[in-house]
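Report on the following structure.
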Amino acid sequence: MKSASSQSGIPATAACVVLVIAAISNLASLLSSPLWVYPDSIDYIQLASGLVDRFDLTERQVAVLERAAEALGAEREQARRLGGLVAVGREASVIQSEGALVARALAVGRAAFRGQDLALGLLRDGKLTLVDGQGTANEGQRGAAVASLAPAASPDGRVLVLPLQVKGRAAGFLEIRNRRDVGFGDADTALLQSFASQLSIALENARLYHQLEGLFRSYMSPSVATALIADPDQAGLGGTIAEVSVLMADLRGFTPFSERAAPAEVVAMLNAYYSAVVPVILDRGGTVTQFAGDAVMAIFNAPVRQADHARRAGAAGLRLHRAIDEVAAGRAGWPRFRVGINTGPALIGNVGSAEMRNFTAVGDTTNVAARLETLAEPGQVVIGSITRSQIGEASLTALGALPVKGREQPVDAYVLHDLY
């Protein structure tokens with residue numbers, strides 16, 4: 001009986017070639033798709049058997065077709081693994097936490113190396129800790145890989161432990177177990193080592209980002225740092241007009257103290273004071289914009305909006321004095337802070353140059369806050385009229401309309417004693 005191809009006048013061998021080409025084209029289509037969408041169900045040997053059943057093929061033709069099917073399957077597997085290397089390499093350029101990186105990288109690895117089980121451990125406080133997956137290697141094998149920074153294999157060759165490195169030092173391990181009862185070949189080992197190297201780079205970048213973020217935040221108020229990380233465009237020079245409450249504080253008697261004390265003692269005092277003052281401001285939602293010697297400036301209602309910003313500023317000013325009293329207890333010679341708070345419109349944004357800039361509030365509101373501060377006695381909080389109208393229930397002493405330096409009109413001022 002003649003086959004369908006023979007009846008149509010197409011030789012069986014030619015039909016076989018045509019179908020193999022079609023299979024290759026289908027493979028090319030698959031390879032252009034993301035690796036994780038490759039269907040696991042494709043069995044090229046099974047496809048070849050289907051062709052054998054459909055056409056009258058000689059044994060030689062069958063053998064050729066089976067080898068082609070095996071090659072297609074191997075190419076598909078190799079492409080998926082190489083794609084995994086590319087994908088985990090991309091993770092190195094993504095800003096993310098170490099935990100998120102580990103989870104994402106192992107998800108990529110498991111999609112790429114489907115014939116193996118992957119587990120990952122990290123070196124924490126001098127101890128190796130398995131953080132993802134269920135490893136089967138013993139502690140000695142893991143320790144050998146991490147200590148030597150070289151691969152370590154199990155006696156049967158089915159389990160491979162690869163070291164992870166950060167800046168040339170051991171950071172953990174990647175453990176791979178072959179599900180088949182065979183060891184890893186040279187090609188498999190090389191690919192897995194490349195995967196571990198890419199993962200090491202991504203891990204180093206994640207840790208570096210964490211360090212830089214911490215350093216970045218230590219040089220500016222956390223609310224500003226968070227806003228800039230979320231939207232770097234906010235780092236541009238300029239700003240917008242918004243109502244804010246500005247808190248100014250400086251040390252009365254700082255200059256005489258600096259004349260008497262050694263520089264190291266002056267710096268120690270300032271660091272001790274600011275270590276107490278900054279948490280007080282931040283806890284009430286304030287943004288510390290600058291330190292200038294013995295003076296500190298903070299704003300409320302920017303960059304995060306706060307309906308009760310005047311009251312927050314007043315609460316921070318009162319608590320600031322209590323915190324300083326605790327720090328300065330037993331140090332009679334240390335000067336004390338005085339605080340001025342004013343509320344009103346100001347330009348909120350970045351002032352400076354392309355090379356260096358500062359997030360701050362600029363305008364008459366800020367200037368008046370600085371003048372109110374000079375009216376305060378050590379341990380006092382002096383506020384302006386708008387702050388008074390927005391602060392809510394409070395214990396106050398009116399100072400009346402007072403002349404201030406640089407202004408033609410006097411300023412209504414009040415001493416804030418407490419909030420109710």
Practice problem: Could you tell me whether segment 256-270 includes any residue that is among the polar types (S, T, N, Q) and without any contact (Cβ under 8 Å) to a residue 60 or more places away in the chain? | Solution: yes
Practice problem: Would you be able to tell me the number of residues in segment 176-188 that are farther than 15 Å from PRO155 by Cα, in contact with a strand residue (DSSP E or B) (Cβ under 9 Å, 6 or more places away or on another chain) and either surrounded by 18 or more Cβ atoms within 10 Å (Cβ to Cβ) or free of Cβ contacts under 8 Å to residues at least 12 places away in the same chain (or both)? | Solution: 1
Quiz item: So which of ALA105, ALA92 is at pLDDT 70 or above and under 11 Å from LEU203 (Cα atoms)?
Solution: ALA105
Quiz item: If you take the residues in segment 343-360 that are touching a residue at least 24 places away in the same chain (Cβ under 8 Å) and of a type in the set (A, V, I, L, M), which one is surrounded by the fewest Cβ atoms within 10 Å (Cβ to Cβ)?
Solution: ALA354
Quiz prompt | From the options LEU149, LEU122, LEU128, LEU203, residue that is under 28 Å from the mean Cα position of the chain (by Cα), surrounded by fewer than 21 Cβ atoms within 10 Å (Cβ to Cβ) and under 17 Å from ALA100 (Cβ atoms) | solution = LEU122
Quiz item: Would you call ARG80 under 18 Å from GLN198 (Cβ atoms), of a type in the set (D, E, K, R), modelled with pLDDT of 70 or more and not in a strand (DSSP E or B)?
Solution: no
Practice problem: Could you check how many residues of segment 366-387 are under 13 Å from LEU402 (Cα atoms) and not in a helix (DSSP H, G or I)? | Solution: 4
Quiz item: Only one of (1) surrounded by fewer than 17 Cβ atoms within 10 Å (Cβ to Cβ); (2) touching a strand residue (DSSP E or B) at 6+ places or on another chain (Cβ under 6 Å); (3) of a type in the set (S, T, N, Q) is not met by THR374, so which one is it?
Solution: (2)
Exercise. Go through segment 109-124 and give me each residue that's outside any strand (DSSP E or B) and touching a residue at least 40 places away in the same chain (Cβ under 8 Å).
Key: GLY109, ALA111, ALA112, PHE113, ARG114, GLY115
Quiz item: Can you name the residue in segment 330-365 that is farther than 29 Å from MET269 by Cα and assigned to a loop (DSSP other than H, G, I, E, B) and, of all such residues, is farthest from the chain's Cα centre (by Cα)?
Solution: GLY363
Exercise. Return yes when THR343 is assigned by TED's automatic domain parsing to the domain that holds TYR274, within 22 Å of TYR274 (Cα to Cα) and among the β-branched types (Val, Ile, Thr) and no when it is not.
Key: no
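The values are calculated or read from the model by the stated rules, or taken from the named source; none is laboratory data. If you're wondering where the values come from, they're calculated on a predicted model, not measured in any experiment. Glycine also receives a Cβ, built like all others from the backbone with ideal geometry; neighbour counts cover every protein chain displayed.
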